[in-house]
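The values are calculated or read from the model by the stated rules, or taken from the named source; none is laboratory data. Everything numeric here is computed off the predicted structure, so don't read it as measured data. Cβ placement follows ideal geometry from the backbone for every residue including glycine, while neighbour counts extend to all protein chains displayed. Side chains are part of the model used for accessible areas, which takes the heavy atoms of the whole protein and leaves out ligands, DNA and RNA. Shrake-Rupley method; radii C 1.70, N 1.55, O 1.52, S 1.80 Å.
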Amino acid sequence: MNIPTVDLTDLSSGDPARVERGAAALREAFGVFGLVYVKNHGIDPQALERFYDAFSAFVARPEAAKRPYGRADIWYQRGWTPPNTEVAVAGKGQPDFKECYFVAPYPADETSALEFPQIYPENVWPSDAPPYFQEGFLTLGRSLHEAGLQLLRGAAVALGLPEPTFANLCQRGPHVTRALHYLPLNASQVNTDIVWGEEHTDFNLLTLLPGGRFLDPSGRPAPRPDDKSGLYLRTRATPEDPKGHMVRGTAPAGCIVAQVGQQLEILTGGTFLATPHVITAPGVPAWSRQSAAHFMHVHTSHILFPLEKFRTPDAVRDYAPPVLAGTYDIKTLVDIGLAPQSALSQLGYRHYDRLNRMRAEGSEK
């Protein structure tokens, strides 16, 4: 599959010809494949490995030591997510075989934190974090975010929109960086229908993937154990290939992957489609995998609906009704098992019991 590669130095060059070259790559990549390979992205591979080493030291701790950082009260949007917690909406109900850690790379917007406290909480850091854990997390998240902003500006140019369109929509948004540890399978689980992460699409605007690594049974980084394991992405359906095409998510040397999320699909009326992806487990036991992802979000105060340029009758039918991005976030977090069902009671009027209380007080006099 000839998935385009975009050079971020083209998009930031100020040279109209180079900017258009980058925009053309994004137009094809996001419009046909839902993903793009990115070079000159600013991610230091040695710093990434150092961070993964720090993350390894944390996840190796006993569950009891990690449990205080598993914060169900903030819907696991910061800190540790235990295994068997998250479930893909389109999956078979099997929780993903993974544990994760969520961090916001930038301080939360104070007003938004009052409106959506579980979506904009403060970071949760282990009091005895491994060396480079906190610094590495923030460095990685901010580097990926800056690369993402350049991609969003290029995507707007690719669609004939003002360059800041998408970047403005995500200013001060609930962006998160996630480190993931996919758990080893035992001998009875390999070569079954168990996968590390069920096929799904991300609900945010844009996801950036800096590349992961496999760990052998001794816990040491090693090449992939077989040809079936790792990240796979499904391309857009065509009349010739209605199921799309499964593409291994390994970027060319020196590149990272960026993929379209549901929010970008909605805003473009389906011109760009959210990328289905699955993380498959190896056919041999005792291997694990580590990876990271940065999720860029539309700010919670913006409305998710096709932008005017893309508001065709089909797009309106497919993506109506308009919805507040913060409401969309809450609903999705419930769907995937991170937020409780009771979170849905926050949507809409919550004071129907006031009249009953007033009546009760009146009847007591």
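The figures follow:
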quantity: Mean-position separation - Cα centroids, the stretch 171-235 and the stretch 20-80, in angstrom; calculated: 10 Å
quantity: Accessible surface, the stretch 289-365, averaged per residue in Å² (probe 1.4 Å); calculated: 60 Å²
quantity: Computed FRET value (nearest 0.05) for A343 with N40, which takes r as the C-beta separation and R₀ as 25 Å; calculated: 0.05
quantity: Computed over the stretch 16-71, Cα set: Rg, Dmax in Å; calculated: 19.3, 56
quantity: In Å², nearest 10: area of V323 left accessible to a 1.4 Å probe; calculated: 40 Å²
quantity: Under 13 Å, Cβ to Cβ, from R172 - net charge with Lys/Arg +1 and Asp/Glu -1; calculated: -3
quantity: Under Karplus coefficients 6.51, -1.76 and 1.60, residue-wise ³J(HN,Hα) of the stretch 345-355 in Hz, glycine/proline x; calculated: 5, 6, 8, x, 6, 10, 10, 5, 7, 4, 5
quantity: In nm, spacing of pseudo-spin labels at T111 and D216 (7 Å Cα→C-beta vector); calculated: 5.5 nm
quantity: Modelled FRET efficiency - R0 51 Å, T250 with D353, Cβ distances, 0.05 increments; calculated: 0.40
quantity: Share of Cα-Cα pairs in the stretch 319-360 lying beyond 12 Å, as whole percent; calculated: 67 percent
quantity: With 5 Å bins from 0: P(r) over the stretch 165-295, alpha-carbon pairs, percent; calculated: 2, 10, 18, 21, 18, 15, 9, 5, 2, 0, 0
quantity: Full-stretch length increase - D193, D226 - with 0.36 nm per residue and alpha-carbon distance subtracted; calculated: 10.2 nm
quantity: Formal net charge of residues neighbouring V157 (Cβ-Cβ distance under 14 Å; K, R +1; D, E -1); calculated: 0
quantity: FRET efficiency estimate (nearest 0.05) - Cβ-Cβ, E163 to E135, R0 30 angstrom; calculated: 0.40
quantity: Three-way shape call for the stretch 288-365 based on the alpha-carbon gyration tensor, with the a/c threshold at 1.5; calculated: oblate
quantity: Full-stretch length increase - A72, A237 - with 0.36 nm per residue and alpha-carbon distance subtracted; calculated: 55.7 nm
quantity: Carbon plus sulfur fraction of accessible area for the chain, probe 1.4 Å, in percent; calculated: 54 percent
quantity: Reach of K66 by Cα under 12 Å, taken over aspartates and glutamates that are not fewer than 8 positions away in the same chain; calculated: E99, D128
